[in-house]
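Please treat every number below as a calculation from the coordinates, not as lab data. Keep in mind it's a predicted model, so treat the numbers as computed, not measured. Backbone-built Cβ (ideal geometry, glycine too); neighbour counts: all protein chains shown.
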Amino acid sequence: MSENNDYSLFDEVNHFVDKATKHLDLDKALVQQIKECNSIYEFNFPLRNDDGSKEVIKGFRVQHSHHKVPVKGGIRYSEEVNVEEIKGLAALMTYKCALVEIPYGGGKGGVKINPRNYTETQLEKITRRYTSELIKKNFIGPAIDVPAPDYGTGAREMGWITDTYMAFHPDSITAKGCVTGKPLSLHGIPGRTEATGRGVFFGLREAVSVEEDMEKLGLKTGLKDKKIIIQGMGNVGYHTAMYLEQAGAKIIGIAEYNGGLYDEDGIDVQEIHRYKIENDGFKGYKKGKFIEESTDLLTYECDILVPAALENQITSDNAKDVKAKIIAEAANGPVSWEAEEILTENNVMVIPDLYLNAGGVTVSYFEWLKNLSRVSFGKLQKRYEKQKFSDLVDIMEESSGYKFSEKQRETIIKGASERDLVDSGLEETMVNAYHNMNELRKKKNIKNLRIAGFVLALERISISYMDLGIFP
Ligand code: NAD
């Protein structure tokens, strides 16, 4: 438990691990080794402002598990950041990577600032100094620890991290693999920005495709016409909303930190996204109803509730009032374990974070592989494939006498672009992991998807640790 007697995110994650180990026969010391964070680095550094004033900034980086290296996990900029939160998020990364079979240990970093209170120049200074502190202690590198964006950070910050790391490692040919989520010009990968939201979409699409599970919830299969409420319209929330809308679902509510919007007829995602950026929120938007206390939206009537902002949003205080049939954890840790007990009791399906938001790390993995090999996916084979398919179409036309239209021919012969390959790899990962987790739940009669996800992850991590042995 943390100091204020609330459960910290790290406590929460370990609570789920304890529940999952009941379904496994693991050595006690091994479980302890898995649960603990292997390395924790907390540090402070000064920032000099343009007016000459100075302040001290607190940073963190936690490496939860080295059963696979490098470790991987985002960097978060938030005033709420604290070591227990970062430990919890790092641990979650370990189980997430194991569940979706991405070969990384878990890590996470944070800087205790509200980025809205700093200029771009200050944020660049903070990011570069934070990176140099990680370099000093060997807490970053393509083979050691590879950060990515998280709450409050994005491609811009990843670009600054890359440049700082390269300045300290001018002779490293793989230096760009020190971080993912980079701008495309710095060997980022197409599709990374939207990857987490796209992964949430694939996960939800799979969940609602299982007839037997939907019947138990009193829902029809498919995303079409499903009523959705989303909390957080940042990177993950916005892209999730966009893909769900494209699949025919109706976004009826969006909650932001400074107010929410509700519209039974459906909210136009692109339009509201533009409006939010231009007006710093939803106030004054012509359609729908402005909701002053946006957390109220968490308990509005809907089919699917998507918390995509921060942790600890659905707790024992509001869980009993939740009317959604499915909670899709796009954010990390939005549902507390006490809340989940209530929700499970009330027949609410929770699709857990450790699975659902794994799209980000999955595409980060593809970006990292690209940085190590220094070649884009598809570059070598795209034209070759195109020629082969073109030859095949010619043979089919000759032997059948049928003439394909230009459009048909183009569709058949077009080779896969880097973006096509990224999307296909992401979809494959999310589809397989969902069904593996759900099948295990049914086979072992586990009460919810989260515990099934932890069981699967723990099985894999424990095998890695046992195969590694103990040094010395
Ligand atoms: P972001 O900073 O882009 O967006 C977060 C959004 O939530 C912002 O629009 C912010 O204003 C809003 N918000 C903040 N407090 C709120 C509140 N109290 N109520 C409603 N809205 C609020 O961050 P993000 O990258 O979208 O991350 C969101 C969540 O998803 C985090 O939990 C993060 O750990 C998780 N996640 C992100 C990624 C990724 O690739 N970015 C990957 C996996 C998990």
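Side notes on the structure shown:
- Cα-centre dipole for the chain with unit charges at Cβ (Lys and Arg positive, Asp and Glu negative), debye to 20: 1240
- Applying 0.36 nm per residue to the separation of SER390 and LEU372 and subtracting their alpha-carbon distance, the gain on full extension is 3.3 nm.
- Residue-span extension gain [ASN279 to ASN432] - 0.36 nm each, minus C-alpha spacing: 51.0 nm
- Its alpha carbons give segment 264-325 an Rg and a Dmax of 13.1, 36 Å.
- Too-long pairs where the Cα-Cα distance tops 19 Å, listed order kept, from LYS220/LYS443; LYS112/LYS276; LYS216/LYS323: LYS220/LYS443; LYS112/LYS276
- Computed log₁₀ I(q)/I(0) - Debye formula, equal Cα scatterers, no solvent, segment 143-213, q 0.19, 0.21, 0.23, 0.27 Å⁻¹: -0.77, -0.87, -0.98, -1.20
- 3J(HN,Hα) from dihedral phi, segment 202-218, Karplus parametrisation 6.51/-1.76/1.60, rounded to Hz, x for glycine, proline: 4, x, 5, 4, 5, 4, 7, 8, 8, 4, 4, 5, 5, 4, 4, 8, x
- For segment 260-385: rounded, prolate or oblate by the Cα gyration tensor [a/c cutoff 1.5]: oblate
- P(r) tail, segment 39-184: Cα-Cα pairs separated by more than 17 Å, 57% of all pairs.
- Where labels lie 7 Å past Cα in the beta-carbon direction, separation of LYS220 and ASN114 in nm: 4.5
- Theoretical FRET efficiency, 1/(1+(r/R0)^6), r = Cβ-Cβ of ALA29 and LYS414, R0 60 Å, to 0.05: 0.65
- Entries of LYS287/LYS325; LYS250/LYS286; LYS35/LYS182; LYS58/LYS283 with Cα pairs more than 23 Å apart: LYS287/LYS325; LYS35/LYS182; LYS58/LYS283
- Taking other residues whose beta carbon is less than 12 angstrom from the beta carbon of PHE168, and scoring Lys, Arg as +1 and Asp, Glu as -1, yields -1.
- Sorted from greatest to least, the principal axis extents spanned by the alpha carbons of segment 403-452 come out as 55, 24, 10 Å.
- Counted by neighbouring Cβ atoms within 10 Å, the residues ASP391, ASP467, ASP423, ASP171 run from fewest to most as ASP171, ASP467, ASP391, ASP423.
- Dividing the summed helix terms, -39500 (n - 2.57) for each DSSP H run of n ≥ 4, by the number of residues in the chain produces a 222 nm estimate of -14500 deg cm²/dmol to the nearest 500.
- Estimated distance in nm for a label pair at ASP268 and MET166, the labels positioned 7 Å out from Cα along Cα-to-Cβ: 4.1
- Whole-number Å³ per residue for the convex hull built on Cα positions in the chain: 189
- Hydrodynamic radius by Kirkwood, which averages 1/r over all alpha carbon pairs of segment 20-108, in angstrom: 14.6
- Which of LEU343, LEU380, HIS23, positive extreme of dipole for the chain (C-beta unit charges): LEU380
- Extended-chain gain in nm, criterion 0.36 nm per residue less alpha-carbon gap, THR295 and ILE463: 56.3 nm
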